[in-house]
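For reference, the structure is listed below as structure tokens.
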Amino acid sequence: MLTLKCTKKVQAYLKLKESDLAEPVEGEEGFGAWYVNQFYVDRRKCLIFMNEKTLLSFFLYGVKKTNTRKDTFPELCLNGVFQLLKIEGFSGKSISQFMDNSQDFRYMKTTDRKALGNLNDLMFMYEHMILSEGGLEYCDLTEIIRKMNRTPQKNIGWGYSIDKAREILGEISS
């Protein structure tokens, strides 16, 4: 199941009501939930997605209200994850496994302050890297996302997000 843990900004953006949010659950299996936040770079709305177990992240920019509704938002996330896994060279088997396990979805409030802190740090680092390369028009977003997923993270034992994701999807042994 695809679980999207949305910040208050994203909840407001998607017009999620309290009744749309599922109750928090402990210890999700597999890849776990994705944290989602919203920010602006070059006056463009961006959404950042971060997996809570691996801290694997990506972001989308130029998001418009007309193409994001609460019923289509999970598809937007899945397309982003699919592209990320393809870019990172995951096997077709791993990608299929992830996609098959993510057909159902639910929204939740953010539940882990540590994960939320990581999300905010990643958001700041994405913004800094984009602006240091001249903004969205001139930077190589694929390369920035790849660099971010190869940045050591304290919350996963100073490992890399990409390696943790490969471990969870069974592409490398622990």
### Task
Tell me which residues come under 5 Å, amide H to amide H, from Val41 once H is placed; ignore anything under 5 positions away on its chain.
Cys46
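Distances over 17 Å make up what percent of all Cα-Cα pairs in the range 83-174?
62
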### Summary
The residues Cys6, Cys77, sorted from fewest to most surrounding Cβ atoms within 10 Å, come out as Cys77, Cys6
### Task
Identify all aspartates and glutamates with a Cα-Cα distance to Lys147 below 12 Å; exclude those on the same chain that are fewer than 8 residues away in sequence.
Glu88
### Task
Would you mind checking which residues have amide H under 5 Å from Ala33's amide H? H placed 1.01 Å from N; only 5 or more apart, or other chain.
Glu52, Lys53
### Query
In terms of modelled amide H atoms, which long-range or inter-chain residues lie less than 5 Å from the amide H of Gly159?
Gln153
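Once the convex hull of the alpha carbons of the chain is built, what does its volume come to per residue, in cubic angstrom?
111
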### Task
Please work out, to two decimal places, the log10 of the ratio I(q)/I(0) at q = 0.12, 0.24 Å⁻¹ from a Debye calculation in which every Cα of the range 1-95 carries one identical scatterer.
-0.39, -1.45
### Query
³J(HN,Hα) across the range 79-93 via Karplus (A = 6.51, B = -1.76, C = 1.60, θ = phi - 60°), whole Hz, x for Gly/Pro?
4, x, 5, 4, 4, 4, 5, 5, 4, 7, x, 5, 5, x, 5
### Task
Let me have the 222 nm mean residue ellipticity of the chain computed from DSSP H runs of 4+ only, each contributing -39500 (n - 2.57), with the sum over all residues rounded to the nearest 500.
-11500 deg cm²/dmol
### Task
Starting at the first residue of the range 58-65, write each ³J(HN,Hα) from the Karplus equation 6.51 cos²θ - 1.76 cosθ + 1.60 with θ = phi - 60°, in whole Hz, x for Gly and Pro.
7, 9, 10, 10, x, 6, 10, 4
### Message
For the chain, what does the relative contact order come out to in percent, with C-alpha contacts under 8 Å and a separation of six or more?
### Response
28
#### Entry: Pairs beyond 21 Å (Cα-Cα), from Lys9/Lys70; Lys15/Lys109; Lys8/Lys114; Lys8/Lys86
Lys8/Lys86
### Query
Across the range 97-149, how large is the tail of the calculated P(r) beyond 14 Å, expressed as a percent of all Cα pairs?
67
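A short reminder: the numbers here are calculations on the coordinates, not readings from a lab. No experiment lies behind these values; they were computed from the predicted model shown. FYI the Cβ positions are ideal-geometry reconstructions off the backbone, even for glycines, and counts take in every protein chain you see.
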